[in-house]
Amino acid sequence: MSVGMRLQGNRVLLRTGIESDLARLRSILLEVEVAQWWGGLSDEEIREQFIGSRLGYVIEVDDEVIGGIQYSEEDDPMYRRAGIDIFLTAASHGLGYGTEAVRLLARHLLFERNHHRITIDPAAANVAAIRTYEKVGFRRVGIMRRYERGPDGTWHDGLLMDLLKEEFIDA
(Lines give C-alpha, C1' and ligand atoms only; values in the text may rest on other atoms or scores of the structure.)
Protein backbone atom coordinates (compact mmCIF):
# COMPACT_ATOMS: atom_id res chain seq x y z
CA MET A 1 0.00 0.00 0.00
CA SER A 2 1.21 3.48 -0.66
CA VAL A 3 0.25 6.80 0.90
CA GLY A 4 -3.31 7.54 -0.13
CA MET A 5 -4.19 3.86 -0.50
CA ARG A 6 -7.66 2.62 0.37
CA LEU A 7 -8.87 -0.92 0.95
CA GLN A 8 -12.66 -1.19 0.92
CA GLY A 9 -14.54 -4.06 2.53
CA ASN A 10 -18.27 -4.63 2.90
CA ARG A 11 -18.53 -2.39 5.96
CA VAL A 12 -14.96 -1.32 6.73
CA LEU A 13 -12.63 1.07 4.93
CA LEU A 14 -8.88 1.09 5.58
CA ARG A 15 -7.39 4.38 4.49
CA THR A 16 -4.29 6.44 5.00
CA GLY A 17 -4.67 8.57 8.11
CA ILE A 18 -4.67 12.36 7.90
CA GLU A 19 -3.82 14.97 10.52
CA SER A 20 -7.47 15.54 11.40
CA ASP A 21 -7.66 11.86 12.50
CA LEU A 22 -5.09 12.42 15.27
CA ALA A 23 -7.50 13.51 18.02
CA ARG A 24 -9.88 10.61 17.34
CA LEU A 25 -7.07 8.04 17.32
CA ARG A 26 -5.68 9.50 20.55
CA SER A 27 -9.11 9.31 22.24
CA ILE A 28 -9.54 5.66 21.19
CA LEU A 29 -6.06 4.74 22.47
CA LEU A 30 -6.93 6.34 25.82
CA GLU A 31 -10.05 4.18 26.31
CA VAL A 32 -9.46 1.79 29.21
CA GLU A 33 -10.39 -1.24 27.07
CA VAL A 34 -7.81 -0.25 24.44
CA ALA A 35 -5.11 1.23 26.67
CA GLN A 36 -4.82 -2.01 28.65
CA TRP A 37 -3.36 -3.66 25.54
CA TRP A 38 -1.74 -0.73 23.73
CA GLY A 39 -0.54 1.53 26.52
CA GLY A 40 -0.01 5.17 25.77
CA LEU A 41 1.23 6.43 22.44
CA SER A 42 2.42 10.01 22.13
CA ASP A 43 0.97 12.19 19.40
CA GLU A 44 4.25 11.82 17.54
CA GLU A 45 4.04 8.01 17.71
CA ILE A 46 0.44 8.10 16.48
CA ARG A 47 1.49 10.33 13.58
CA GLU A 48 4.45 8.11 12.74
CA GLN A 49 2.41 4.92 12.79
CA PHE A 50 -0.99 5.99 11.40
CA ILE A 51 -0.95 9.48 9.81
CA GLY A 52 0.35 9.47 6.24
CA SER A 53 2.24 6.27 6.98
CA ARG A 54 2.88 3.65 4.32
CA LEU A 55 2.38 0.94 6.93
CA GLY A 56 -0.47 2.23 9.11
CA TYR A 57 -4.08 3.08 8.37
CA VAL A 58 -7.21 4.27 10.07
CA ILE A 59 -10.23 2.01 10.15
CA GLU A 60 -13.42 3.74 9.15
CA VAL A 61 -17.07 2.63 9.28
CA ASP A 62 -19.84 4.89 7.98
CA ASP A 63 -17.39 7.83 7.75
CA GLU A 64 -16.37 7.44 11.42
CA VAL A 65 -12.84 6.49 12.50
CA ILE A 66 -13.15 3.46 14.79
CA GLY A 67 -9.48 2.42 15.10
CA GLY A 68 -6.14 1.85 13.49
CA ILE A 69 -4.34 -1.04 11.82
CA GLN A 70 -0.72 -1.36 10.78
CA TYR A 71 1.62 -3.87 9.28
CA SER A 72 5.31 -4.61 9.09
CA GLU A 73 7.29 -6.49 6.48
CA GLU A 74 10.44 -8.55 6.67
CA ASP A 75 11.97 -8.52 3.19
CA ASP A 76 14.97 -10.80 3.80
CA PRO A 77 14.25 -13.61 1.29
CA MET A 78 15.15 -16.23 3.92
CA TYR A 79 12.54 -14.93 6.40
CA ARG A 80 10.09 -12.94 4.28
CA ARG A 81 6.82 -12.34 6.13
CA ALA A 82 4.45 -9.63 7.29
CA GLY A 83 2.97 -8.76 10.68
CA ILE A 84 -0.27 -7.01 11.66
CA ASP A 85 -1.39 -5.01 14.70
CA ILE A 86 -4.83 -3.45 15.28
CA PHE A 87 -6.91 -1.51 17.79
CA LEU A 88 -10.61 -0.58 17.78
CA THR A 89 -12.74 1.71 19.91
CA ALA A 90 -14.53 -0.28 22.63
CA ALA A 91 -17.91 0.68 21.14
CA SER A 92 -16.96 -1.35 18.05
CA HIS A 93 -15.81 -4.49 19.86
CA GLY A 94 -17.78 -7.63 19.07
CA LEU A 95 -19.38 -6.24 15.89
CA GLY A 96 -17.12 -7.98 13.34
CA TYR A 97 -15.30 -4.82 12.25
CA GLY A 98 -11.96 -6.04 13.59
CA THR A 99 -12.28 -9.35 11.76
CA GLU A 100 -13.13 -7.56 8.52
CA ALA A 101 -10.24 -5.10 8.91
CA VAL A 102 -7.72 -7.88 9.62
CA ARG A 103 -9.09 -9.90 6.70
CA LEU A 104 -8.79 -6.90 4.31
CA LEU A 105 -5.20 -6.24 5.27
CA ALA A 106 -4.26 -9.93 5.32
CA ARG A 107 -5.71 -10.42 1.83
CA HIS A 108 -3.67 -7.44 0.61
CA LEU A 109 -0.46 -8.72 2.21
CA LEU A 110 -0.90 -12.29 0.99
CA PHE A 111 -2.16 -11.73 -2.53
CA GLU A 112 -0.96 -8.26 -3.55
CA ARG A 113 2.27 -7.95 -1.54
CA ASN A 114 2.84 -11.69 -2.10
CA HIS A 115 3.70 -12.75 1.43
CA HIS A 116 3.31 -16.44 2.21
CA ARG A 117 3.02 -15.92 5.98
CA ILE A 118 1.68 -13.28 8.38
CA THR A 119 2.26 -13.15 12.12
CA ILE A 120 0.32 -11.43 14.85
CA ASP A 121 1.19 -11.32 18.55
CA PRO A 122 -1.70 -10.40 20.86
CA ALA A 123 -1.40 -10.44 24.62
CA ALA A 124 -2.08 -14.02 25.71
CA ALA A 125 -4.91 -12.71 27.91
CA ASN A 126 -6.64 -10.84 25.06
CA VAL A 127 -9.20 -13.55 24.33
CA ALA A 128 -11.41 -11.39 22.09
CA ALA A 129 -8.49 -10.43 19.83
CA ILE A 130 -7.33 -14.03 19.58
CA ARG A 131 -10.83 -15.15 18.57
CA THR A 132 -10.90 -12.41 15.90
CA TYR A 133 -7.61 -13.55 14.39
CA GLU A 134 -8.66 -17.20 14.38
CA LYS A 135 -11.73 -16.26 12.28
CA VAL A 136 -9.32 -15.08 9.56
CA GLY A 137 -7.30 -18.30 9.77
CA PHE A 138 -4.49 -17.41 12.19
CA ARG A 139 -3.28 -20.35 14.25
CA ARG A 140 -1.66 -20.43 17.67
CA VAL A 141 2.06 -21.06 17.48
CA GLY A 142 3.00 -20.70 21.13
CA ILE A 143 3.24 -18.54 24.21
CA MET A 144 6.05 -16.01 24.38
CA ARG A 145 6.71 -15.71 28.09
CA ARG A 146 7.07 -12.22 29.58
CA TYR A 147 6.89 -10.90 26.03
CA GLU A 148 5.80 -7.30 26.52
CA ARG A 149 5.73 -4.75 29.29
CA GLY A 150 2.14 -3.73 29.92
CA PRO A 151 0.94 -0.22 30.76
CA ASP A 152 0.99 -1.33 34.41
CA GLY A 153 4.77 -1.83 34.18
CA THR A 154 4.72 -5.61 34.56
CA TRP A 155 5.71 -8.17 31.97
CA HIS A 156 2.89 -10.08 30.23
CA ASP A 157 2.85 -13.17 28.06
CA GLY A 158 2.15 -12.84 24.35
CA LEU A 159 0.64 -15.37 21.99
CA LEU A 160 2.45 -15.82 18.70
CA MET A 161 -0.02 -16.62 15.92
CA ASP A 162 0.60 -17.05 12.23
CA LEU A 163 -1.36 -17.40 9.03
CA LEU A 164 -0.08 -19.19 5.94
CA LYS A 165 -1.45 -18.10 2.58
CA GLU A 166 -3.24 -21.41 2.01
CA GLU A 167 -4.95 -21.16 5.44
CA PHE A 168 -6.48 -17.72 4.84
CA ILE A 169 -10.23 -17.70 5.45
CA ASP A 170 -11.77 -15.28 2.94
CA ALA A 171 -15.32 -15.32 4.28
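The values are calculated or read from the model by the stated rules, or taken from the named source; none is laboratory data. Remember, it's a predicted structure, so these values are computed and weren't measured experimentally. Please note: Cβ atoms are built from the backbone with ideal geometry, for glycine as well, and neighbour counts cover all protein chains shown. Accessible surface is based on the protein model in full, side chains and every heavy atom, while ligands, DNA and RNA are left aside. Shrake-Rupley method; radii C 1.70, N 1.55, O 1.52, S 1.80 Å.
Some notes on this structure:
- Ordered from largest to smallest accessible area (heavy atoms of protein chains, 1.4 Å probe), the residues GLU74, GLU48, GLU60 come out as GLU48, GLU74, GLU60.
- Between region 20-38 and region 71-140, the alpha-carbon center distance in angstrom: 19 Å
- Region 5-66 - Rg (one decimal) and Dmax (whole number), Cα, Å: 11.5, 32
- Qualifying trypsin sites (Lys or Arg not before Pro) in region 101-171, DSSP loop, other Cβ atoms within 10 Å at most 16: ARG113
- Model label zone, ASP152; criterion: amide N under 17 Å from point 7 Å along Cα-to-beta-carbon; scope region 91-133: 123-128
- Linear extension gain, ASN126 paired with SER20, 0.36 nm per residue minus alpha-carbon span: 35.2 nm
- Using C-alpha pairs under 8 Å with a sequence gap of at least 6, the mean separation divided by the residue count of the chain gives a relative contact order of 19 percent.
- Charge dipole (debye, nearest 20) of region 37-171; +1 at Cβ of Lys and Arg, -1 at Cβ of Asp and Glu: 580 debye
- Counting DSSP beta bridges with both ends in region 50-171, the antiparallel % (nearest 5): 95 percent
- Remark: relative contact order (region 42-121) = 22 percent; criterion is Cα-Cα distance under 8 angstrom and separation of 6 or more residues.
- Probe 1.4 Å, accessible area per residue of the chain, Å²: 52 Å²
- In order through region 41-52: 3J(HN,Hα) via Karplus (6.51 cos²θ - 1.76 cosθ + 1.60), integer Hz, x for Gly, Pro: 10, 6, 4, 5, 5, 4, 4, 4, 8, 10, 9, x
- Selection among GLY142, SER72, VAL127 by position relative to the dipole of region 16-171 gives GLY142 as farthest towards the positive end (Cβ unit charges, Cα centre).
- Structure-based [θ]222 nm, the chain - -39500 (n - 2.57) summed over DSSP H runs of at least 4, per residue, nearest 500: -7500 deg cm²/dmol
- Element breakdown for the chain at a 1.4 angstrom probe: carbon and sulfur atoms account for 49% of the accessible area.
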